[in-house]
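All remarks here apply to the structure that follows.
The values are calculated or read from the model by the stated rules, or taken from the named source; none is laboratory data. Just so it is clear, the model here is predicted, and its values are computed rather than measured. For neighbour counting, all protein chains shown are included, and Cβ atoms are generated from backbone atoms with ideal geometry for every residue, glycine included. These area figures cover heavy atoms from the full protein model, side chains too; ligands, DNA and RNA do not enter into them. Shrake-Rupley method; radii C 1.70, N 1.55, O 1.52, S 1.80 Å.
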Amino acid sequence: MSVSRILLSVIGLIVLPTLVSAQDKKAVTIVLPEAPAYVDACQVMNSSTGRVVKLNVLEALTQVDLEKGGAKPRLATHWERVSDNTWRFHLRQGVSFHDGTPMTPEAVVYSIERTLDPKMSCDVRQRYFSNSKVTARAVDGETVDITTEPAQPILPTLMEAIPIVSTKTPRDAVTRMPVGTGPYIFSNWDTQRQIVLDRSARYWGQLPEVTQARYLWRQESFVRASMVGLGEADIGLLIADQHADNPKTDFVFNNAEMTRIHIHIDQPPLNDLRVRKALNLALDRESLVGVLFNKEARPASQIVGPSVLGYNPEVKPYRFDAQEARRLVEEARSDGVPVDRQIVMHARANNFPNDNEVMEAFVAMWAAVGLNVKVEVLELAQFRAALRPPFSPDRLPTLSITSHDNTTGDAAFSIVSKYHSSSWQTDIPSPEMDRQIEDATASTGEGRRRKFQAIFDRVHEDIVPEVWMYDMVSTVRISPRIHYVPNAATNAQVDLSDISFN
């Protein structure tokens with residue numbers, strides 16, 4: 001027997017207990033690159049959580065329209081703006097939570113207040129509402145008013161990020177058993193092995209074909225691909241190019257994700273603009289496309305892609321210019337900047353295919369221009385903790401490889417969370433930038449677009465808070481027994497309602 005056959009047999013033995021049940025041909029198994037750190041509604045904007053529970057267990061008032069951008073109805077049937085600062089949402093009637101309690105205006109208010117409570121440290125609040133005061137009020141048995149200060153012209157789109165949960169959900173603690181209104185009940189979470197969702201008989205909408213979904217996690221791309229190939233899983237996410245060798249099952253898609261390296265400027269030499277520019281200029285991004293990245297990936301220049309309102313086509317990716325990078329480093333050195341100081345780059349384990357090789361290439365390119373960077377790979381929970389201030393005053397200068405996706409069609413989602421000083425992700429706070437962002441997010445139409453474009457230009461040229469990597473594409477392996485078309489949100493949410501059987 002060949003070595004490859006032996007290896008595949010071993011993989012089969014490893015995953016045998018999690019095979020799709022032969023007694024239920026409409027159960028599916030999805031294999032993920034990492035285990036979720038959380039399953040609470042509070043964290044659905046984190047991809048490891050959202051790809052399991054978002055739209056499946058947990059629903060919001062609205063849902064992003066992936067084809068047209070903006071919002072479409074989910075738990076709200078329609079909405080209107082009743083004043084500059086207030087939107088009125090009309091709720092779908094006859095909807096119940098998985099615990100049997102009705103979905104009421106009071107539950108909507110409870111969910112909004114819980115998610116936006118600073119004590120909960122929800123990603124949703126940090127990313128999209130950190131610079132807003134939000135007040136929700138039940139108008140009657142079918143209607144909720146939501147008021148924001150400052151005014152928020154795209155509030156219906158923003159509301160897709162706040163799932164509505166039962167009022168029995170703990171108010172001030174993260175839950176391990178989310179209770180929502182979606183087509184699936186969260187049945188089991190074995191943190192060492194799997195998550196199981198079961199179709200809910202009480203769902204208000206059309207029942208999906210999938211009766212049960214089982215989520216497993218395997219770190220190796222080869223294992224994920226092999227499991228689908230052997231019939232032990234139905235969907236394998238984030239398959240590396242070298243393992244995507246079957247055109248009948250492997251599908252490449254644009255995933256709306258931008259990878260970047262966040263520069264923490266609390267320590268020198270990273271607080272020097274010249275060093276931050278040198279980090280960008282030193283990278284030969286094009287040379288890695290088609291080698292370590294899919295040939296469809298493109299070097300990035302800003303936090304959103306061309307489909308998002310506010311994207312600035314005049315902002316180009318940093319060119320590769322090692323000579324200029326070395327010049328900037330030496331100029332900083334002559335001015336007393338400690339450019340020889342070791343820099344730590346934090347990376348999340350299994351962030352994207354070939355990530356270890358990419359990091360090795362980047363470290364070598366930086367070394368060639370005089371910068372000393374080492375990589376520390378952290379598990380998801382450790383990585384998230386390391387990202388958040390407050391930071392130790394004696395820590396080493398730090399970079400963090402992160403990613404960001406925006407499927408909403410509007411740059412506000414990205415700009416507020418990355419560049420407004422109310423967000424913990426902002427390392428270079430500026431009252432002037434805050435005012436510029438607040439003016440842009442309160443605007444509409446072509447003025448909104450132009451103001452966002454001006455922000456992206458300023459960030460790229462004058463602030464440089466990140467090292468830009470790539471506008472990413474992903475590969476997913478899909479079993480021939482099911483029909484599923486990946487979309488821009490697939491890495492962040494896998495809507496089980498989109499799956500049918502061949």
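Things worth noting here:
- Pairs where the first residue, in segment 105-122, is of a type in the set (F, W, Y) and the second is open to solvent by less than 10 Å² (accessible area, probe 1.4 Å), C-beta under 9 Å, 6+ apart: Y110/I164; Y110/V165; Y110/S166
- Taken over segment 78-122, the criterion of being exposed (fewer than 15 other Cβ atoms within 10 Å of the Cβ) and within 19 Å of I154 (Cβ to Cβ) is satisfied by H78, E80, R81, V82, S83, D84.
- Among residues of segment 61-77 being open to solvent by 40 Å² or more (accessible area, probe 1.4 Å) and touching a residue at least 24 places away in the same chain (Cβ under 8 Å), the one that is nearest to T167 (Cα to Cα) is L66.
- Within segment 417-444, the set of residues being open to solvent by 10 Å² or more (accessible area, probe 1.4 Å), outside any loop (DSSP other than H, G, I, E, B) and over 30 Å from A361 (Cβ atoms) comprises P431, E432, D434, R435, Q436, E438, D439.
- K451 meets each of the listed conditions (1) at pLDDT 95 or above; (2) out of contact with any helix residue (DSSP H, G or I) (no Cβ under 6 Å at 6 or more places or on another chain); (3) part of a helix (DSSP H, G or I) apart from (2).
- For the residues R214, R176, R171, R218, the requirement of being open to solvent by 40 Å² or more (accessible area, probe 1.4 Å), under 20 Å from T104 (Cβ atoms), of a type outside the set (G, A, S) and touching a residue at least 40 places away in the same chain (Cβ under 8 Å) singles out R171.
- Taken as a whole, the structure leaves I261 outside the set of residues that are in a loop (DSSP other than H, G, I, E, B), at pLDDT 95 or above, among the aliphatic types (A, V, I, L, M) and farther than 17 Å from I499 by Cα.
- Selection count where residues are within 12 Å of N56 (Cβ to Cβ) and among the charged types (D, E, K, R), scope segment 181-204: 2
- The criterion of at least 1 residues that are under 20 Å from K72 (Cα atoms) and modelled with pLDDT of 95 or more is met, among helices (runs of 4 or more DSSP H) falling completely within segment 95-170, by 105-115, 155-158.
- Candidate set from segment 195-205 (those that are open to solvent by 20 Å² or more (accessible area, probe 1.4 Å) and touching a residue at least 60 places away in the same chain (Cβ under 8 Å)); member that is nearest to T101 (Cα to Cα): R202
- Residues of segment 247-271 satisfying the condition of being of a type in the set (A, V, I, L, M), open to solvent by less than 20 Å² (accessible area, probe 1.4 Å) and out of contact with any His (no Cβ under 7 Å at 6 or more places or on another chain): I261, I263
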